[in-house]
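Engineer: I have a structure here, written as structure tokens, and I will follow up with some questions on it.
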Amino acid sequence: MKIYTKTGDAGETSLFGGMRVPKDDARVRAYGDVDELNAVLGFAMALEPSTFESAMLATTQRDLFTIGAELATPDPAKMGKALARSGSAISGSDVGALEDVIDNHESKLEPLKNFILPGGTPKAAAFHVARTVCRRAERSVVTLSRTEQINPAIIHYLNRLSDLLFVLARAVNQQAGTPDVAW
């Protein structure tokens with residue numbers, strides 16, 4: 001089987017379930033932005049220290065695939081098939097798991113008194129890039145939610161994930177002895 005199918009050469013793509021839509025459809029944009037986030041997160045994970053929150057970040061990547069599957073499936077009747085790998089849709093407990101990690105790291109960080117500039121170690125800088133991509137993905141999903149029915153936990157998850165990525169950038173800098181740079 002070849003990687004290319006040529007079915008998208010006319011500017012359309014298939015959603016899960018077979019429906020064809022333009023490649024700039026709001027639904028495609030939303031799951032494409034989530035896919036980009038997943039790739040940027042994978043890049044951040046590959047940077048040293050590669051063991052920093054590696055298990056939690058691997059779970060997050062799987063969650064992002066689940067979100068992509070939910071967003072790519074407009075037909076609720078086909079959702080079970082789309083989520084066969086993950087077993088279930090994103091829920092409040094997934095959001096709560098992110099909050100637990102945020103709370104754990106925040107308890108060890110100096111409280112912020114002003115804005116900080118993105119950067120520091122390469123891993124922290126990559127987390128900041130992932131945070132900004134996450135915010136874009138969140139905006140795309142919010143736009144989609146204005147016209148299509150989507151799982152509201154997806155918006156909560158992406159909102160909380162961007163907070164987590166900010167905290168992880170600070171935490172990995174702290175671990176490396178690299179201070180935050182105040183704006």
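Derivation of every value follows stated rules applied to the coordinates shown; laboratory data play no part. These figures come from a predicted structure and were not determined experimentally. FYI the Cβ positions are ideal-geometry reconstructions off the backbone, even for glycines, and counts take in every protein chain you see.
Engineer: Which ordering of ILE3, ILE154 is given by a fewest-first count of other beta-carbon atoms within 10 Å?
Structural biologist: Ascending Cβ contact count within 10 Å gives the list ILE3, ILE154.
Engineer: To the nearest Å, what is the center-to-center distance of segment 1-60 and segment 151-183, using C-alpha atoms only?
Structural biologist: 21
Engineer: I've got another one for you. Can you compute the radius of gyration and Dmax for the chain, using only the Cα atoms, both in Å?
Structural biologist: Just the Cα atoms of the chain yield Rg and Dmax of 17.6, 55 Å.
Engineer: Whole-Å semi-axes of segment 59-117's equivalent ellipsoid, largest first, each the root of 5 times a Cα gyration tensor eigenvalue? Intermediate values should be presented prior to the final figure.
Structural biologist: Values: eigenvalues 220, 30, 15 Å².
Sorted largest first and rounded, they come to 33, 12, 9 Å.
Engineer: Right, here's the next one. Near the amide H of ILE116, under 5 Å away, which other amide H atoms are found, from residues 5 or more places off or on another chain, if H is placed in the peptide plane?
Structural biologist: The list, which skips near neighbours in sequence, is TRP183.
Engineer: Based on other C-beta atoms within 10 Å, arrange HIS156, HIS128 from fewest to most.
Structural biologist: HIS156, HIS128
Engineer: Taking the number of other C-beta atoms within 10 Å as the exposure measure, put LEU144, LEU64, LEU15, LEU47 in order starting with the fewest.
Structural biologist: The order, fewest Cβ neighbours first, is LEU47, LEU15, LEU144, LEU64.
Engineer: Under the Karplus relation 6.51 cos²θ - 1.76 cosθ + 1.60, θ = phi - 60°, what is the ordered set of whole-Hz ³J(HN,Hα) values for segment 49-60, x standing for Gly and Pro?
Structural biologist: x, 5, 8, 4, 6, 4, 5, 5, 5, 5, 5, 4
Engineer: Need the list of lysines near LYS113 for cross-linking: C-alpha distance under 28 angstrom, and skip anything on the same chain fewer than eight residues off.
Structural biologist: Leaving aside lysines fewer than 8 places away in the same chain, those within reach of LYS113 are LYS123.
Engineer: Give the angle, between 0 and 90 degrees and rounded to the nearest 10, that separates the Cα long axis of helix 122-145 from the longest principal axis of the Cα atoms of the chain.
Structural biologist: Long axis of 122-145 versus the principal axis of the chain: about 40 degrees.
Engineer: Tilt of helix 26-46 relative to the longest C-alpha principal axis of the chain, in degrees (0 to 90, nearest 10)?
Structural biologist: 40
Engineer: Let me ask something additional. Relative to the longest principal axis of the chain, what angle (0 to 90°, nearest 10) does the C-alpha long axis of helix 152-176 take?
Structural biologist: 30
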